[in-house]
Amino acid sequence: MSTIDDLNKKYIDIAGVEQTFKTKKGSFCALQNVSLQVAKGEFVTLIGHSGCGKSTLLNLIAGLTTPTQGALLLGNREIKGPGPERAVVFQNHSLLPWLTCFENVYLGVERVFGAGDKNAGAPSENKAQLKARTDAALALVGLTAAAQKRPGEISGGMKQRVGIARALAMEPKVLLMDEPFGALDALTRAKLQDELLAIVAQTQSTVVMVTHDVDEAVLLSDKIVMLTNGPAATIGDILTVDLPRPRDRVALAKNPQYASYRQAVIDFLYTRQSHVEKQAA
């Protein structure tokens, strides 16, 4: 019989997953024989060359797509579709431009908590409670002062914070992030990475994040999952990042262990998987 500790160690359990898509040219195998376990409260990044199935794997965990083969479990229950226990933050903030920051977050909160949790038998919350949840989420990402502004009135970094606030407001058990900082300039990206570290430390969230950025992966992760080149991509290597938390990017820049982890990821991407570059040329 599985113990609670065993279940926490494989909170997300991906077993022998394959994902094949039908195209005009026939079947295309994006992922093959992917098995991965994510512990409760762990921060995991997925990294690899473009087209290696990182977002495909994230969408499977989100329940947005169904695997061709294999199974995905969350808390020992099969993932059969989207659910409020999993929130997704996309690279595109996907905010409704005619709503304020507050209203964009409130919309998600009302959808999840306004009708109550039928599975847990929880009652629906009133408007004051929903407002309090929304205000708390905006405060968590430092956007209280911008709550009544519309997306067109705020910066790209602030828009992404609203997207993160909307996800956090639903109190998800798992936060799924698909290159959330990929379209931002370097300084804004660094600031939001630091804020994400602080938020995750406070919420103790389980996070799975797609990234192309080696430094971002090492800075944020407990574990870096490196995917081989597609098609039929699979997990090529998994690197455990044993760096103390809280993490300070300035101090880590001088840390030889940080440099070692960074080099290991670069070696995988640009030596062991370098033929992608040659094929694309």
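All of Leu73, Leu143, Leu58 fail the test of being crowded, with 18+ Cβ neighbours inside 10 Å, over 16 Å from Ala165 (Cα atoms) and touching a residue at least 40 places away in the same chain (Cβ under 8 Å), apart from Leu58.
Do you know which of the residues in region 21-41 that are at pLDDT 95 or above and β-branched (Val, Ile, Thr) is farthest from the chain's Cα centre (by Cα)? Residue satisfying both the conditions and the ranking: Val34.
When each of Val44, Val88 is tested for being out of contact with any helix residue (DSSP H, G or I) (no Cβ under 6 Å at 6 or more places or on another chain), buried (at least 21 other Cβ atoms within 10 Å of the Cβ), assigned to a strand (DSSP E or B) and modelled with pLDDT of 90 or more, the lone residue that passes is Val44. The residues of region 6-34 that are surrounded by fewer than 22 Cβ atoms within 10 Å (Cβ to Cβ), polar (S, T, N, Q) and either in contact with an Asp or Glu (Cβ under 6 Å, 6 or more places away or on another chain) or under 13 Å from Ala233 (Cβ atoms) (or both), listed by number, are Thr20, Gln32, Asn33.
Considering only residues that are at pLDDT 90 or above and of a type in the set (Gly, Ala, Ser), look in region 228-280 and name the one that is nearest to Gly53 (Cα to Cα). Per the criteria, the residue is Ala233. Within region 7-24, the set of residues being out of contact with any Gly (no Cβ under 6 Å at 6 or more places or on another chain), of a type in the set (A, V, I, L, M, F, W, C) and part of a strand (DSSP E or B) comprises Ile12, Ile14, Phe21. Annotation note: of Gly182, Gly121, Gly116, the sole residue that is surrounded by fewer than 19 Cβ atoms within 10 Å (Cβ to Cβ), at pLDDT below 90, among the small types (Gly, Ala, Ser) and closer than 30 Å to Gln263 by Cα is Gly182. Evaluate region 29-48: report whether one residue or more is of a type in the set (Ser, Thr, Tyr), without any contact (Cβ under 8 Å) to a residue 12 or more places away in the chain and farther than 25 Å from Gln160 by Cα. Checked against the condition, which is being of a type in the set (Ser, Thr, Tyr), without any contact (Cβ under 8 Å) to a residue 12 or more places away in the chain and farther than 25 Å from Gln160 by Cα, region 29-48 yields no hits at all.
Residues in region 146-165 that are basic (Lys, Arg) and either within 26 Å of Ala217 (Cβ to Cβ) or in contact (Cβ under 8 Å) with a residue 60 or more places away in the chain (or both): 2 in all. Does Leu168 qualify as being buried (at least 21 other Cβ atoms within 10 Å of the Cβ), aliphatic (A, V, I, L, M), out of contact with any strand residue (DSSP E or B) (no Cβ under 6 Å at 6 or more places or on another chain) and in contact (Cβ under 8 Å) with a residue 24 or more places away in the chain? Here the answer is yes, as Leu168 does meet what is asked.
Beta carbons closer than 7 Å, at least 6 apart along the sequence or on distinct chains, pair a first residue in region 196-221 that is touching a residue at least 40 places away in the same chain (Cβ under 8 Å) and under 19 Å from Ala186 (Cβ atoms) with a second that is hydroxyl-bearing (Ser, Thr, Tyr) and assigned to a helix (DSSP H, G or I) for Val210/Ser55; Val218/Tyr258; Val218/Tyr261. Residues in region 185-203 that are out of contact with any Leu (no Cβ under 8 Å at 6 or more places or on another chain) and farther than 16 Å from Asp248 by Cβ: Asp185, Ala186, Leu187, Thr188, Arg189. Screening Ala251 with (1) in a helix (DSSP H, G or I); (2) of a type in the set (A, V, I, L, M); (3) within 28 Å of Glu85 (Cα to Cα) gives one miss only, at (3).
Of all residues in region 170-205, those being in contact with a Pro (Cβ under 9 Å, 6 or more places away or on another chain) and of a type outside the set (D, E, K, R) number 8.
The values are calculated or read from the model by the stated rules, or taken from the named source; none is laboratory data. Values in this document were obtained by computation on a predicted structure and should not be read as measured data. All Cβ positions, glycine included, derive from the backbone under ideal geometry; neighbour counts span all protein chains shown.
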